[in-house]
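Heads up, the thing below is written out as structure tokens.
The values are calculated or read from the model by the stated rules, or taken from the named source; none is laboratory data. These numbers were taken from a predicted model, which means no experiment stands behind them. Note that we place each Cβ from the backbone using ideal geometry, even for glycine, and neighbour counts take in every protein chain shown. Accessible surface is based on the protein model in full, side chains and every heavy atom, while ligands, DNA and RNA are left aside. Shrake-Rupley method; radii C 1.70, N 1.55, O 1.52, S 1.80 Å.
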Amino acid sequence: MNIPKKVIVFLFLSLITQVFAQRNDSIISKLARYVSIVDHFSKNLPQEKVYLHFDNSTYYQGDDIWFSCYLVASGFHKTSTLSKTLYVELLNPGGEVIETQILKVENGRCHGSFKLGKLPFYSGFYEVRAYTKYMLNFGEETIFSRTFAVYDKPTKPGAYQEKSLMKYGRGAYPVLRKTPVKEKAVNLKFYPEGGNLVAGVASQVAFEATDAFGNPIEVTGEVVGVNQETIVRFKSVHDGKGVFTYIPTKALSIQKNKAEKFPQAIVEYKDKKYTFDLPLVQPKGIVLKVDNLSCPDSIGVSVLSNNDTPSGIFGLVLLSGSSLQKYLMIDTSEGKPIDFRICKTNFPAGVSRLILFNSQGQILGDRLLFIHRKEKLNIQVKMDKKSYNSNEQVNMQFALTERDTIPVETTFSVSVKDKQNDVKPDQDMQSNLLLMSEIKGYVHNPDYYFESNDSIHQRALDLLLMVQGWHRYNWDWVSGKKTFELKHQPEKGIEINGQVVSFVRSIPKSNVKVSSLITQKDDSTKLYNSFVESFVTDSLGRFSFNADVQGRWEMVLAVRKNGKKKDYRTVLDKLFSPEPKQYRYTDLFSQVPIPEEDKPTVNETLLRVAKDSTPIAVPKINYDSIAKKGVQGKILHLKEVVVKAKKYSKEKDILENRSKSVAYYDVYAEQDKVWDQGEVTEDFLGDFLVKKNKDFHWVYAGANRRLMYKNRSPLLIVNYTITNIVENVRIPGYYRADCIKSLYISEDARSIAKYVEPSDWWDPVNDPPACYSCVVFLETFPDWNTPTQPGKGVRKTWLDGYSQIKEFYSPNYSILPPESDYRRTLYWNPSVRTNKDGKAIIQFYNNSSCKSFSISAETITPQGVIGVLKK
């Protein structure tokens with residue numbers, strides 16, 4: 001490592017203490033304090049990452065989403081030994097969490113699945129996210145998230161060329177996410193290396209060009225002066241990104257509250273020119289320059305400044321996955337550029353971060369860079385035949401080796417899909433753990449950066465990191481601008497945390513005895529299992545306990561003080577699920593494979609073709625679904641047809657009503673949530689609806705009030721039985737909310753008309769459905785056996801244990817007769833074990849039409865070595 005004299009290197013924190021004693025320098029003392037805090041975070045607050053390998057990349061209504069989870073420690077990506085509980089959530093396009101899997105982590109691994117059949121269902125872009133409670137301490141940006149296109153069920157079995165997809169935000173479905181932001185037609189953003197442009201100091205300026213929806217676009221341009229003279233020309237290198245060297249001549253000055261006209265950037269795109277302002281120029285400051293490409297074993301670092309910048313001593317740290325790898329102190333008293341190199345041979349693979357800071361903890365320069373490692377697992381697959389017939393048995397042998405020859409005994413997850421209509425995912429375990437989990441924002445085709453380790457791909461990756469300013473490690477915790485609060489400890493099981501507070505003012509109650517009775521019943525409602533726990537609250541009224549249970553359990557909590565029942569509230573820490581993220585337009589892309597026989601024709605409803613004939617993805621949000629395309633504005637005259645239908649059944653009617661609903665509420669669960677929010681639950685149905693759904697409100701006429709939905713009356717149906725006019729008006733203020741098990745809200749006109757009683761509701765002027773804005777289907781508890789009201793100081797709720805894991809079904813045609821088989825995922829196994837020779841064999845049966853396979857296998861060893869196969 002070539003380091004000049006003015007760079008003070010501390011290899012161990014003990015050396016810092018020695019320097020304190022020798023120099024008693026307050027600046028060095030302050031800098032060393034920040035280094036100590038960084039080291040504290042690195043050693044005592046390690047971070048976790050989770051990655052999910054999915055069986056497929058797009059889905060249809062009724063499909064299962066299968067996934068395998070890998071929990072690792074940030075840094076070297078070794079198996080995490082911290083958390084034993086993982087939460088995986090499925091969110092609908094509007095941002096509602098419609099299902100949660102609570103999974104038990106063993107040796108950093110677990111797996112589960114979701115069924116895309118929860119009603120009300122609607123197509124669109126669904127999100128799967130995964131996290132441990134411990135990960136939430138470091139910000140919601142650290143959790144795993146993946147968006148999938150989920151299409152309507154094909155009109156005919158196996159017709160997967162149909163891709164009917166509802167526009168985002170269309171219809172009456174609730175939308176909890178913020179609306180995506182559309183930008184200008186051409187956007188150009190500049191990123192000076194290190195963070196700032198300083199007058200008179202040469203800087204590398206990276207840039208990124210995108211269209212209105214966030215797609216990268218290729219541009220050429222130039223920086224021009226006040227007299228339109230060309231100062232420097234530039235051109236994008238990959239995915240709209242590029243870099244140029246620029247020397248600002250002077251700092252920005254202000255005259256009459258208006259910025260003086262300064263050099264600007266002019267870019268050309270599609271024969272049009274666009275003008276953009278350059279970043280502000282600082283009159284003094286430090287420029288951090290990094291060379292991570294010239295040498296495979298070291299990083300070149302330059303610290304530059306102008307004559308107006310005061311000299312001083314500054315700190316420099318290098319972080320990899322929040323772990324402190326290097327720390328130095330730099331003395332600029334001689335006023336000359338400082339150049340040195342840092343050996344990187346022992347750094348972990350992935351994104352690292354260089355931070356230059358002063359004695360106040362302020363960042364003066366910040367740069368992301370990527371460390372490449374040669375260590376990786378090689379996964380190969382062989383098949384016993386080149387092609388297979390319909391319903392024929394398939395045999396595949398996998399071989400896992402390290403350094404090309406050493407067999408690896410481990411487990412891996414594997415998915416085999418029908419290649420027809422298959423869409424390959426744009427990122428895998430390698431690109432996610434090493435890159436995407438460390439940066440923020442949209443990256444077009446992350447896997448590109450790992451296709452090769454040549455100079456072209458390395459340069460493109462370095463450019464990408466120059467325009468990505470976010471890192472999972474928050475420097476504000478070190479500088480003291482933001483207090484780090486450890487809200488969640490790593491869970492070692494199913495954790496129950498709560499607090500006992502006074503009923504009205506929510507004052508914490510200490511030294512209160514809390515008794516819990518947890519029971520589980522079988523399908524016949526007979527007691528299946530139970531256990532009792534008791535504990536005493538601490539000085540803040542808190543308590544906690546762990547359990548290792550599966551499924552849902554009924555839980556009753558009772559509080560006593562000095563042997564007497566107390567009318568206290570017991571609040572549980574159940575509401576930790578993050579808010580839904582805001583979709584970007586780039587999250588709403590729907591990629592559709594183009595059949596070979598249709599090439600080079602491009603499906604214009606999903607792809608826009610630029611003048612250079614390069615397909616550019618356009619959000620599906622901007623077009624009607626394929627199935628609906630061309631219907632508007634046309635009238636089709638059909639010949640007389642005879643409609644045949646199956647005999648009416650109440651079960652089918654209930655299912656149809658639920659499927660057409662725009663909203664669903666588990667009333668008991670919603671009331672329980674309100675309790676944990678520290679609020680008062682609503683006693684009656686009407687008040688519950690007004691509080692829960694913004695479209696409901698009361699209309700008052702003197703002492704009377706009437707429930708309204710979107711300025712018209714709702715039609716309330718109890719247990720799918722037609723109600724008369726008197727009862728319909730009486731229901732909202734008469735029915736207790738705790739009598740209702742669940743409710744569905746439908747705006748379907750046919751559903752409204754179906755439940756209108758003609759003798760009561762018929763209006764000769766208005767069509768009955770036009771009189772009502774919606775129908776609310778109320779499903780009560782059986783025989784009106786509502787939950788028993790708890791006594792003084794008693795809380796009735798439930799405990800969700802680990803989710804029951806479903807097995808992937810694969811037909812065995814050696815036993816079953818051949819049949820029409822439309823499976824898209826032919827084989828899925830979240831945990832295939834290799835033998836001592838590093839080999840494993842899988843067997844499954846082909847579907848009815850598959851001609852070739854799409855194979856995906858992924859794993860990571862306990863030591864953090866990643867293996868990926870995509871074929």
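Worth a mention:
- Between the residues Ser506, Thr410, Val281, the greatest Cα displacement towards the positive end of the dipole of the chain, with unit charges on the Cβ of Lys, Arg, Asp and Glu, is found for Ser506.
- Compactness relative to 2.2 N^0.38 Å, alpha carbon Rg of the stretch 258-327: 1.67
- Computed from the Cβ-Cβ distance with R0 of 25 Å, the FRET efficiency linking Val674 to Ala172 stands at 0.60.
- For the stretch 564-577, Karplus couplings with θ = phi - 60° (6.51, -1.76, 1.60), whole Hz, Gly/Pro x: 10, 5, 10, 7, 9, 9, 10, 10, 9, 7, 8, 9, 9, 4
- Per residue solvent-accessible surface (Å²) - the chain, probe of 1.4 Å: 50
- Cα gyration tensor shape for the stretch 642-721, rounded if a/c is under 1.5, else prolate or oblate: oblate
- Pairs of C-alpha atoms in the chain farther apart than 35 Å represent 61 percent of all such pairs.
- Evaluated at q = 0.11, 0.12, 0.20 Å⁻¹, a Debye calculation over the C-alpha positions of the stretch 357-488 (equal weights, vacuum) places log10 I(q)/I(0) at -0.66, -0.75, -1.27.
- For the stretch 668-697, the residues whose backbone nitrogen is under 17 Å from a point 7 Å from the Cα of Lys521, taken along Cα to Cβ, are 668-669.
- Three-way shape call for the stretch 42-195 based on the alpha-carbon gyration tensor, with the a/c threshold at 1.5: oblate
- About its Cα centre, the chain has a charge dipole of approximately 1200 debye under the convention of +1 per Lys or Arg Cβ and -1 per Asp or Glu Cβ, with nothing else charged.
- Taking the stretch 849-871 and a reference point 7 angstrom along Cα→Cβ of Ser390, the backbone N atoms nearer than 18 Å belong to 849-853.
- By the compact-protein rule of thumb, 2.2 N^0.38 Å, the alpha-carbon radius of gyration of the stretch 812-871 corresponds to a ratio of 1.43.
- Estimated from the Cβ-Cβ distance and a Förster radius of 22 angstrom, the FRET efficiency linking Asp538 and Arg505 is about 0.70.
- Using every pair of separate Cα atoms, the Kirkwood estimate puts the hydrodynamic radius of the stretch 222-353 at 18.2 angstrom.
- Rough spin-label spacing in nm, given labels placed 7 Å along Cα→Cβ, for Thr405 and Asp653: 7.5
- P(r) tail for the stretch 696-750: Cα pairs beyond 13 Å make up 67% of the total.
- 19 Å cut-off, amide nitrogen to a point 7 angstrom out along Asn529 Cα→Cβ, residues in the stretch 793-828: 797-807
- Rg to Rh quotient for the stretch 290-399, alpha carbon positions, Kirkwood Rh: 1.34
- Both numbers refer to the Cα atoms of the stretch 351-409; Rg and Dmax are 23.6, 71 Å.
- In the chain, a dipole from Cβ-located charges (positive for Lys and Arg, negative for Asp and Glu) runs towards its positive end, and of Tyr665, Ser68, Val150 it is Tyr665 whose Cα lies farthest in that direction.
- Per the Debye calculation on the stretch 474-541 with a single equal scatterer at every Cα and no solvent contribution, log₁₀ I(q)/I(0) for q = 0.15 Å⁻¹ amounts to -0.80.
- Ordered from longest to shortest, the equivalent ellipsoid semi-axes for the stretch 139-189 are 29, 17, 15 Å, each the square root of 5 times a Cα gyration tensor eigenvalue.
- The stretch 433-563 shape via C-alpha gyration tensor axes, a/c threshold 1.5: oblate
- Each residue of the stretch 859-871 is assigned a 3J(HN,Hα), and the resulting list reads 6, 8, 6, x, 8, x, 8, 9, x, 9, 10, 10, 9 Hz, derived from the Karplus form 6.51 cos²θ - 1.76 cosθ + 1.60 (θ = phi - 60°), x at Gly and Pro.
- Förster-model FRET efficiency, 51 Å R0, Ser455 and Asp800, C-beta, rounded to 0.05: 0.50
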